[in-house]
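Accompanying notes for the structure given below.
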Amino acid sequence: MRIDRIELRHIRMVLVSPFVTSMGTEYDEEHIIVRVDAEGVTGWGESVAEGTPFYSYETVTTAWHILKDFLIPSILGKDIASVDEAIAAYSKVRGHMMAKAGLEAALWDAFAKSKNISLSKMLGGVRDKIDVGVSIGIQDSVPHLIHKVEGYLQEGYQRIKIKIAPGLDMQFVEALRREFPKLLLQVDANSAYTLDHIGLFREMDKYNLSLIEQPLGYEDIYDHSKLQRELMTPICLDESIHSLDDTRAAIELDSCRIINIKPGRVGGYTESKLIHDYCASQNIPVWHGGMLESGIGRAGNVGLASLPNFTLPGDISASKRYYKEDIVEPEFVVNPDGTMTVPTGPGIGVEVNMKMLEKVTEKKMELRG
Ligand code: OSB
Ligand code: MG
């Protein structure tokens, strides 16, 4: 397909409620929407770099720069036969996984649409519904947290993840376990702890959590192996995993027993699939993480999460859990049984709501080949 035109949009969407983590508080979400036009087909992708370099070193500004000055020029105006060919064209660019993943997602959508198949099918998906959970930010009190959890359970969500930070951890874990003895419950520290907190994790180990996500350093693999050795609860790595190579190192060192796959963190759906397949071969379950995506990014994520080794519920929640109005139609909803239906239409399988997209766009740029 000849890549005729690529458009970037810096978007900002206001969250329905602030999202508090050990990294800070987010009130709105800035991302980049990538649109690729190729021979009459339009593909959409979302780069999940945020406004701040707190989860990742990438920001919307660095991703914009890398997209505009390096990734897009390597394919614009060229005849690109496959996603792999595009990846090869910009393989000299090191890092900047979120910038790469946004462009790759738009290309996957365009190629799937040109073949008239769903993204799920093109990626090798096997499920028509995926199991979903919800990620809850740090609440200001235990009763507030319990109230939130009750609401989400009523909506059908199959598992609850809570964010933790030093001093804002055991009281929440203890209360939720007491209130909901059988709940699938996991915690995410976003790298807020060190090995000095081993006593705390030994205590947490008694609460039958499904996993502890990224307790230690955001680039660390080695210290996590020391912590995992002391615990029955599986550690799950998020921030530390940027590639298949990182995944192999983490699994060979027994640094974690579960992997969170976020396409944005690993450079796209292609690397995500490699990680998924390797984990399957090692009997390591994976689940799909989230970056508070709009419906454009979410649509692709739902397709990826339909692959067979995504056996744990993902951080893929209904549009309304994040935003009052989404930028796709139909919006994503959670079924009463705690599943989300995988779109079956061509590509990402949802339509972009241009009026809403225009409303959330802060900056737009068009590049023609
Ligand atoms: O660590 O998983 C994380 C959101 C932004 C940055 C990092 C993380 C998250 C979430 C939200 O936990 C998951 C979601 O999109 O529902
Ligand atoms: Mg995480």
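The values are calculated or read from the model by the stated rules, or taken from the named source; none is laboratory data. Predicted model, so just to flag it, every value in this text is computed and none were measured. Reconstructed Cβ throughout: ideal geometry from the backbone, glycine too, with neighbour counts over all protein chains shown. Accessible surface areas use protein heavy atoms only, side chains included; no ligands, DNA or RNA. Shrake-Rupley method; radii C 1.70, N 1.55, O 1.52, S 1.80 Å.
If you average 1/r across every pair of different Cα atoms in the chain and take the reciprocal, what Kirkwood value do you get, in Å? Numbers along the way, then the final one.
Numbers: mean 1/r = 0.0486 Å⁻¹.
In the chain this quantity evaluates to 20.6 Å.
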### Message
Using only Cα atoms and rounding to the nearest 10 degrees, what angle (0 to 90) does helix 170-179 make with the longest principal axis of the chain?
### Response
80
### Task
Round to a whole angstrom and tell me the spacing of the C-alpha centers of segment 237-257 and segment 111-153.
23
### Task
Specify whether the C-alpha gyration tensor of segment 121-341 places it in the rounded, prolate or oblate class, a ≥ b ≥ c being the square roots of the eigenvalues: rounded for a/c under 1.5, otherwise prolate if a/b is larger than b/c and oblate if not.
oblate
### Query
List the lysines whose alpha-carbon lies under 17 Å from that of Lys92, not counting same-chain residues fewer than 8 positions away?
Lys68, Lys100
### Task
Output the antiparallel fraction of DSSP beta bridges having both residues in segment 121-341, as a percent to the nearest 5.
15
## Note on the structure
With label points set 7 Å from each Cα along the Cα-to-Cβ direction at Ala81 and Arg94, the distance between them in nm comes to 3.1
#### Entry: Residues of type aspartates and glutamates that Lys324 reaches as a straight line, Cα spacing below 14 Å, ignoring anything fewer than 8 places off in the same chain
Asp28, Glu29, Glu293
### Task
Give the angle, between 0 and 90 degrees and rounded to the nearest 10, that separates the Cα long axis of helix 295-304 from the longest principal axis of the Cα atoms of the chain.
80
### Query
If you line up the long axis of helix 142-155 against the longest principal axis of the chain, both from Cα atoms, how many degrees apart are they, to the nearest 10?
50
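How do His197, His147, His31 stack up against each other in accessible area, from largest to smallest, with a 1.4 angstrom probe?
The most accessible residue leads, giving His147, His197, His31.
Contour minus end-to-end for His65 and Asn335, with contour as 0.36 nm per residue of separation and end-to-end as the Cα-Cα distance?
That works out to 93.3 nm of additional length.
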#### Entry: Accessible-area composition of the chain, carbon plus sulfur, in percent [1.4 Å probe]
53
## Note on the structure
Among Tyr55, Tyr27, Tyr193, the residue with the largest mean-square fluctuation in a Gaussian network model of the chain built from Cα contacts under 10 Å is Tyr27
### Message
Could you order the peptides 204-216, 97-109 from most to least packed, using the average number of other C-beta atoms within 10 Å per residue?
### Response
97-109, 204-216
### Proximal lysines relative to Lys320, as straight alpha-carbon distance under 25 Å, when same-chain residues fewer than 8 apart are discounted
Lys129, Lys148, Lys161, Lys163, Lys262, Lys355, Lys359, Lys363
### Two-site label geometry, Val126 and Tyr218: point separation in nm, points 7 Å out along Cα→Cβ
3.5
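For the chain, report the accessible area per residue in Å² (1.4 Å probe, heavy atoms, rounded to an integer).
Working: 14700 Å² over 369 residues.
Heavy-atom accessible area per residue stands at 40 Å².
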### Task
Please give the peptides 332-340, 294-302 ranked by average Cβ packing (other Cβ atoms within 10 Å per residue), highest first, as a rough proxy for protection.
294-302, 332-340
### Query
What is the extension gain from Thr42 to Arg202, computed as 0.36 nm multiplied by their sequence separation minus the C-alpha to C-alpha distance, in nm to one decimal?
52.5 nm
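Top to bottom by accessible area (1.4 Å), largest first, where do Asp128, Asp4 land?
Details: Asp128 110, Asp4 50 Å².
Putting Asp128, Asp4 in descending order of accessible area: Asp128, Asp4.
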